[in-house]
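A.B. asks: Supplied in structure tokens, the structure appears directly below.
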Amino acid sequence: MSYSIHIHNPGGPEVMKWESADVGAPGFGQVRLKQNAIGLNFIDIYYRKGLYPTQMPFVPGMEAAGIVDMVGDGVANLKSGDRVAYAMVLGAYAETRLILADQVVKLPDEVSTQTAAAMMLQGMTARYLIRDIYKVGPNDTILIHATAGGVGLILCQWAAALGATVIGTVSSEEKAHLAKANGCHHPIIYTRENFQKRVLEITDGKKLPVVYDSVGKENFMKSLDCLQPRGLMVLFGASSGAVPPLDLAVLAQKGSLLVTRPTLATFVSTRSQLLENSSDLFDVVRTCKVKININQTYTLKDAAKAHSDMEARLTTGSTILTV
Ligand SMILES: NC(=O)c1ccc[n+]([C@@H]2O[C@H](COP(=O)([O-])OP(=O)(O)OC[C@H]3O[C@@H](n4cnc5c(N)ncnc54)[C@H](OP(=O)(O)O)[C@@H]3O)[C@@H](O)[C@H]2O)c1
């Protein structure tokens, strides 16, 4: 018997129930994983609240790492004992789970299962944001919101390693120090300073070619004002709420701006995309260009507490739930 977190109705952290489940043997193309650690992501909160509808009851969580303990028919590339990780596959808040072999990647020796659980979703997101959506380079000055968060700290380090000048927004002095220690050249404490004004000052009025905004509602319109003509607004989250419908004429008025609303799922939808993205991520971690900051660890059973803390902006960097 294995335990997992189950949600029977959408709601606050208290709807997450620790219940036993019979996982069974893997079917065709599947493996059974004994999970060591699960990554906590803001998307888990959207699912819990019902903002991303799914059939109830369900097991939340989108990423984890662990050991293959049983292999189903038709699986050639994995064997019992392999260390693997995955992201964007619902059902991660579990001690043991079944998953398609094609949805997991093998871990290099240098990457522990705890680090992998902390970085797969946030790290592969950072990679598609700065390599696929827009190729960040040494001549770019870019703005990253929620810089001290999970995606934020990885994105910031990776962009700095590519030579970019990074401007980041954070809510507190402590988070500003953390952002700075992780490659953010100009942290802006948005609770005290107007970030659009600071962007103008930092860039001598030139503004930016790209803004990465995961905060959504509170920042979206202000972020558009930080862009150069033909600049790119990458809205990739809604931590403060969903952005209301946009009058597209605004994009013309503000200088022929481009807007995209991407999701990681699209960028790792094929096996080759998943392997290419994760291999780049393993490389930057192995070569210490990006350090994964596991700043909070909870037991899986305590997932409700982890959710409350993340929603209250008490977490920084990455968070894992251990089994
Ligand atoms: N589209 C994709 O492919 C994709 C993939 C992964 C993640 N995401 C998105 O990226 C964002 C970051 O995810 P994460 O897991 O790394 O979380 P996170 O950044 O560690 O946590 C969210 C942070 O957002 C900031 N924030 C601003 N307004 C907030 C509000 N009203 N409530 C709560 N937090 C607020 C807080 O930082 P401050 O205290 O500094 O304000 C908070 O720490 C989320 O919006 C998530 O949905 C998108």
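A.B. asks: Set Lys and Arg Cβ to +1 and Asp and Glu Cβ to -1, take the dipole of the stretch 138-261 about its Cα centre, and tell me which of ILE188, GLY216, GLY150 lies farthest positive.
C.D. replies: GLY216
A.B. asks: Just flag the chymotrypsin sites (Phe, Trp or Tyr not before Pro) in the stretch 193-223 sitting in loop per DSSP whose Cβ has no more than 11 other Cβ atoms within 10 Å.
C.D. replies: none
A.B. asks: Can I ask one more? Calculate, for THR260 and ASP69, the FRET efficiency according to 1/(1 + (r/R0)^6) with r their C-beta to C-beta distance and R0 35 Å; round to the nearest 0.05.
C.D. replies: 0.30
A.B. asks: Under the rule that an exposed site lies in a DSSP loop and has at most 14 other Cβ atoms within 10 Å, name the longest stretch of the chain with no trypsin sites (Lys or Arg not before Pro) of that kind, not counting the sites themselves.
C.D. replies: That would be 1-78.
A.B. asks: Mind checking which aspartates and glutamates have their Cα closer than 13 Å to the Cα of LYS301? Skip sequence neighbours fewer than 8 apart in that chain.
C.D. replies: GLU14, GLU19, GLU95
A.B. asks: A further question follows. Could you sort out which of LYS197/LYS222; LYS206/LYS289; LYS206/LYS291; LYS49/LYS217 sit more than 20 Å apart by Cα distance in this structure?
C.D. replies: Correct reply: LYS206/LYS289; LYS206/LYS291.
A.B. asks: Using all C-alpha to C-alpha distances in the stretch 138-261, build P(r) with 10 Å bins and read off the rounded percent in each one.
C.D. replies: Cα pair-distance distribution for the stretch 138-261, in percent: 14, 48, 33, 5.
A.B. asks: Roll a 1.4 Å probe over the protein chains and send me the accessible area per residue for the stretch 138-261 in Å².
C.D. replies: 44
A.B. asks: Across the chain, where is the longest run that never hits GluC sites (Glu not before Pro) in a DSSP loop with at most 16 other C-beta atoms within 10 Å?
C.D. replies: The reported range is 1-109.
A.B. asks: Here is a further query. Efficiency by 1/(1 + (r/R0)^6): what FRET value for SER240 and ALA76, r their Cβ-Cβ distance, R0 = 35 Å, to the nearest 0.05?
C.D. replies: Efficiency, rounded to the nearest 0.05: 0.15.
A.B. asks: Quick check for you: with a 1.4 Å probe and neighbouring chains kept, what is the accessible area per residue of the stretch 12-67, in Å²?
C.D. replies: Spelled out: the 1.4 Å probe surface of the stretch 12-67, per residue, equals 42 Å².
A.B. asks: Taking every pair of distinct Cα atoms and averaging 1/r, then inverting, what Kirkwood hydrodynamic radius in Å comes out for the chain?
C.D. replies: 20.2
The values are calculated or read from the model by the stated rules, or taken from the named source; none is laboratory data. Computed from a prediction, not measured in an experiment: that's the story for all the values here. Note that we place each Cβ from the backbone using ideal geometry, even for glycine, and neighbour counts take in every protein chain shown. These area figures cover heavy atoms from the full protein model, side chains too; ligands, DNA and RNA do not enter into them. Shrake-Rupley method; radii C 1.70, N 1.55, O 1.52, S 1.80 Å.
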